[in-house]
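Okay, so here's the structure we're looking at.
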Amino acid sequence: MSLKLMYITNAPKVAAIAQKYGVDRIFIDLETLGKEERQKGMNTVKSNHTVLDVLSLRKIITQSEILVRVNPWNKESPKEIDDVVKAGADVIMLPMWKTADEVRSFVRAVDGRAKTMLLLETKEADECLDEVLSLGGVDEIHIGLNDLHLSYGLTFMFELLANGTIERICAKIRARGIPYGFGGVARIGAGDLPAERILSEHYRLGSSFAILSRSFCNTDLVQDMGEVEKIFDEKLKELRAFEKSLETRTEEEFEENKKQLCEIVERIVERKKNG
């Protein structure tokens, strides 16, 4: 099993490189409503993507899928969804939903014209998950650690892995046979919480998806396309090789990884609270 990897970009040259080296989904991000207020002061990506980006990428993305995150459900959502379907989206992601009614309206608006992916990132979404799972029409669910940890008033997004929240949510979704994933991963050997620890948890929990984090290849900092290509070539090979090594891990080794992940998360939380 290999995780489906998603990479956020609206740049045709970068998207073509990502596709060439095996990124499964090119992620166009149209979400703007409420994002600035929620994530004020945080070092997060604020998107300037448009429906026109979907159109331009559709011409070159032929092997990977195009995933489009639309805005949270609002009165303009049916038109926005129509626009991204017509532009060529393969998968449409609904963020910040808080009720089963919003999910029902979203599924109805997509109407089978693309895959539906829910981004579970609020405590209200967690609380109504049983009802949502019984609706039908939801193809995939991704758990957004950044906003979900804010919604629960936590200090560090990977506390959700350490405190069992993600494991509990994944178990519910798995019981319904719906593919799911969570959060993002950096390069092998990188990150405050090493990517290896997180990838091991993806495998232990039966995850199908992960977003390649901005630090995997930050094109705000690396603008030479030759260097971008080198990063995708080398770093994706490293990531896939590590994934392959997980296939022979024992249950005891996965449990030991979880224990070490929890210890690292605890130290990071302590440092953040004191710093």
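Accessible area per residue, 1.4 Å probe, Å², for the chain: what's the number?
Details: 12690 Å² over 275 residues.
Heavy-atom accessible area per residue stands at 46 Å².
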So how far, in whole Å, is the C-alpha centre of the stretch 164-201 from the one of the stretch 1-24?
19
At 4 °C and a viscosity of 1.567 mPa s, what translational diffusion coefficient does Stokes-Einstein give for the stretch 127-275, taking Rh as the Kirkwood radius over Cα pairs? Give it in µm²/s as a whole number.
77
Residues whose modelled amide H sits under 5 Å from the amide H of Glu65, counting only those 5 or more places away in sequence or on another chain, are Arg25, Ile26
Peptides 109-115, 27-33: what's the order by average Cβ count within 10 Å, highest mean first?
27-33, 109-115
Using the Cα centre as the reference, give the magnitude of the dipole from point charges on the C-beta atoms of the chain (Lys, Arg: +1; Asp, Glu: -1; all else neutral), rounded to the nearest 20 debye.
380
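Counting only protein heavy atoms and a 1.4 Å probe, tell me what percentage of the chain's accessible area is made up of carbon and sulfur. Kindly include the intermediate steps, with their values, before the conclusion.
Values: 6220 of 12690 Å².
Roughly 49 percent of what the probe reaches on the chain is carbon or sulfur.
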What is the spread of the Cα atoms of the chain along each of their three principal axes, largest first, in whole Å?
48, 47, 39
Any residue on another chain or 5+ positions along whose placed amide H is under 5 Å from the amide H of Leu120 is listed here as His142, Ile143, Gly144
Hey, which of these cross-link pairs are over 30 Å Cα-Cα: Lys75/Lys115; Lys4/Lys172; Lys123/Lys237; Lys13/Lys75?
Lys123/Lys237; Lys13/Lys75
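Can you tell me what share of the DSSP beta bridges in the chain is antiparallel? A percent to the nearest 5 is fine. Working shown, then result.
Working: 0 of 28 bridges.
Close to 0 percent.
Taking 2.2 N^0.38 Å as the expected size of a compact globular protein, what ratio does the Cα radius of gyration of the stretch 84-171 give against it, to two decimals? Before the final figure, lay out each step's value.
On the way: Rg = 13.5 Å, N = 88, 2.2 N^0.38 = 12.1 Å.
Rounded to two decimals, the normalised Rg is 1.12.
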Peptides ranked, highest mean first, by Cβ atoms within 10 Å: ranges 202-208, 2-8, 129-135:
2-8, 202-208, 129-135
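The values are calculated or read from the model by the stated rules, or taken from the named source; none is laboratory data. Because the structure is predicted, anything quoted here is derived from the model rather than measured. Here the Cβ is made from the backbone with ideal geometry for all residues, glycine too, and neighbour counts use every protein chain on show. We work out accessible area using only protein heavy atoms, side chains counted, and drop any ligands, DNA or RNA first. Shrake-Rupley method; radii C 1.70, N 1.55, O 1.52, S 1.80 Å.
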